[in-house]
Each structure stands twice: as structure tokens, then as C-alpha cells.
Amino acid sequence: MIFKVGSEVPMIICICANVSDRKLRAVVADGAATMRAVERRCGAGAGCGACRALVRECLRESRETRAQVTQVMMELAVSETPVLAPA
């Protein structure tokens with residue numbers, strides 16, 4: 001994990017667009033799932049490109065988290081499905 005979640009002081013990820021780690025996480029959590037979507041929503045990655053690796057890492061972590069949540073939800077749905085007795 002590149003970012004320390006819960007840090008008291010926001011870390012600037014993109015100097016060109018003045019985007020902090022908190023802003024980047026919020027944009028990704030709000031649905032930006034690609035570099036282009038992040039660029040359009042907050043400007044990170046659209047300037048010099050120095051922050052693109054950090055943006056990609058944030059996107060990767062978000063995808064992994066969503067996949068884990070989806071897996072847990074599927075497991076819960078399967079475990080809560082009632083089994084019907086044969087008639």
C-alpha cells in the first residue's frame with residue numbers, strides 16, 4: 001500500500017492539479033475506475049505524469065477491495081439461501 005490510510009495530514013499526490021490522497025480516494029470511491037476518469041474528475045495524472053504510478057496504485061487497491069467485497073457478498077448470499085425440502 002502506497003498510501004497510509006487514516007493519516008492526519010493529507011499527502012499531495014499530484015502537484016500539477018493540487019490533488020491530495022484524500023481527494024484521489026474520494027474520486028475513485030465515487031466511481032472513477034480508470035486513469036482517464038481520474039484525470040477528468042480531479043486532474044490527477046493529466047499534467048506532468050509524475051503521479052500516474054500513485055494513481056494507478058490507488059485504482060488497483062480499489063479494484064482489489066471491490067473484488068473482496070463482492071466475494072464476501074456472494075458467499076453471504078449463498079449461505080443465506082434457504083434450502084427447500086423435496087415435496
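What the phi angles of segment 42-58 give under the Karplus curve with 6.51, -1.76 and 1.60, with θ = phi - 60°, is a coupling list of 9, x, 4, x, 8, x, 6, x, 4, 8, 4, 5, 5, 5, 4, 4, 4 Hz, glycine and proline written as x. The local environment of residue 33, defined by Cβ-Cβ distances under 15 Å, has a net charge of +3 under the rule Lys, Arg +1 and Asp, Glu -1.
Placing dummy labels 7 Å off each Cα toward the beta-carbon, the span from residue 56 to residue 15 is 2.1 nm. By the count of other C-beta atoms within 10 Å, a proxy for reagent exposure, 21, 30 are ordered fewest to most as 30, 21.
Computed from backbone phi, the HN-Hα couplings of segment 60-73 come to 5, 4, 5, 4, 4, 5, 4, 5, 5, 5, 4, 4, 5, 4 Hz, rounded to whole numbers (Karplus: 6.51 cos²θ - 1.76 cosθ + 1.60, θ = phi - 60°; Gly and Pro given as x).
For segment 12-67, just say rounded, prolate or oblate: build the C-alpha gyration tensor, square-root its eigenvalues into a ≥ b ≥ c, call rounded for a/c under 1.5, and beyond that prolate if a/b exceeds b/c, oblate if not. It comes out prolate by the Cα gyration axes.
Cβ-to-Cβ counts within 10 Å put 75, 8 in ascending order as 8, 75, the fewest first. For residue 42, the shell of other residues with beta-carbons less than 14 Å away shows a net charge of +4, using +1 for Lys and Arg and -1 for Asp and Glu.
Coordinate-derived values only; no laboratory data. Note that the structure is a prediction, hence the values are computed from the model and not measured. Cβ atoms come from the backbone with ideal geometry, glycine included; neighbour counts cover every protein chain shown.
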